[in-house]
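Step one of this worksheet: look at the structure below.
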Amino acid sequence: MKQIPILEVGDVLISTAILTEKFCCDLSACGGACCIEGDAGAPVTSDEIDEIEKSLDAVWPLMSATAQAIVEQQGVTYTDPEGELVTSIVNGKDCVFTYYNYPPNAIRELPSGCCLCALEKACRKGQTNFMKPISCALYPIREKHFGGGLIGLNLHHWSVCEAAYEKGRMLNIPVYRFLREPLIRRFGADWYADLERAAKAFEHEYSNT
């Protein structure tokens, strides 16, 4: 298997697949499946837990009765089998902050339509200051922490996002450009500017090999 090169920007090690591969979310194709597939919730930091708890009043009406009951019973997070704090889930997979954008006249007891994030909706409506966990916002980039404050960013491939990779290739949008906003939110505008310069240099070198 060919090894994927790694770039270093500040204290962040970046898989160059993030620079070369293309990605653009296609909700019409996937229906927001990343919110309801998998076997654990989204990783969160302690600061994010505080922000989520502050957002509860705004997002509560969008949450299902089952999700509300789970939050009342165990809180907004739990510890997964790997010892990581993650958002609470329903039925072993659905994030408690998932809600469905139902088409007109749909039977609302059925999970039809597109899955969306209640936290993000409340923030975009100006009801809160917290968008959503950075682990969600950065997907398909996944973050790994090493010793000495070093961070690694890798690209994750998941079958439910295949349409997003296809759309990204069609529109020629590299992963790091599609995720410009959350990357700046996570690492800052100066760091992202350095990333852009590193990406251009790598692209020039990559195109000449």
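The values are calculated or read from the model by the stated rules, or taken from the named source; none is laboratory data. Quantities reported herein were computed from a predicted structural model and do not represent experimental measurements. Virtual Cβ from ideal backbone geometry, glycine too; neighbours counted across all protein chains shown.
Tell me, yes or no, whether the stretch 148-167 has at least one residue that is closer than 22 Å to residue 48 by Cα, in a helix (DSSP H, G or I) and at pLDDT below 95.
Start the filter on the stretch 148-167 by keeping residues that are closer than 22 Å to residue 48 by Cα, which leaves 149-154.
Still in the running and in a helix (DSSP H, G or I): 149.
So of that shortlist, the ones also at pLDDT below 95 come out as 149.
Yes, the conditions are met somewhere in the stretch 148-167.
Taking into account only those residues within the stretch 33-52 that are surrounded by 13 or more Cβ atoms within 10 Å (Cβ to Cβ) and part of a loop (DSSP other than H, G, I, E, B), which is modelled with the highest pLDDT?
Per the stated criteria, the residue is 44.
What pairs come up if the first residue lies in the stretch 151-168 and is assigned by TED's automatic domain parsing to the domain that holds residue 179, the second is part of a strand (DSSP E or B) and hydroxyl-bearing (Ser, Thr, Tyr), and their beta carbons are under 8 Å apart, counting only those six or more places apart or on different chains?
What qualifies is 152/15; 153/15; 154/15; 155/15.
Can you tell me how many residues within the stretch 53-77 are in contact with a helix residue (DSSP H, G or I) (Cβ under 7 Å, 6 or more places away or on another chain), in contact (Cβ under 8 Å) with a residue 40 or more places away in the chain and assigned to a helix (DSSP H, G or I)? Step through it out loud before you land on a result.
Of the residues in the stretch 53-77, the ones in contact with a helix residue (DSSP H, G or I) (Cβ under 7 Å, 6 or more places away or on another chain) are 55, 58-60, 62-63, 68, 76-77.
Adding the requirement that they be in contact (Cβ under 8 Å) with a residue 40 or more places away in the chain leaves 55, 58-59, 62-63.
With assigned to a helix (DSSP H, G or I) added as a condition, the list becomes 55, 58-59, 62.
Residues meeting the conditions: 4.
Across the stretch 133-175, what is the number of residues that are closer than 15 Å to residue 186 by Cα and of a type in the set (Phe, Trp, Tyr)?
1
Going through the stretch 78-93 one residue at a time, which ones are in contact with a Pro (Cβ under 8 Å, 6 or more places away or on another chain) and part of a strand (DSSP E or B)? Walk me through it before giving the result.
The initial filter retains those residues of the stretch 78-93 that are in contact with a Pro (Cβ under 8 Å, 6 or more places away or on another chain), namely 84-87.
Of everything in the stretch 78-93, those that are in contact with a Pro (Cβ under 8 Å, 6 or more places away or on another chain) and part of a strand (DSSP E or B) turn out to be 85, 86, 87.
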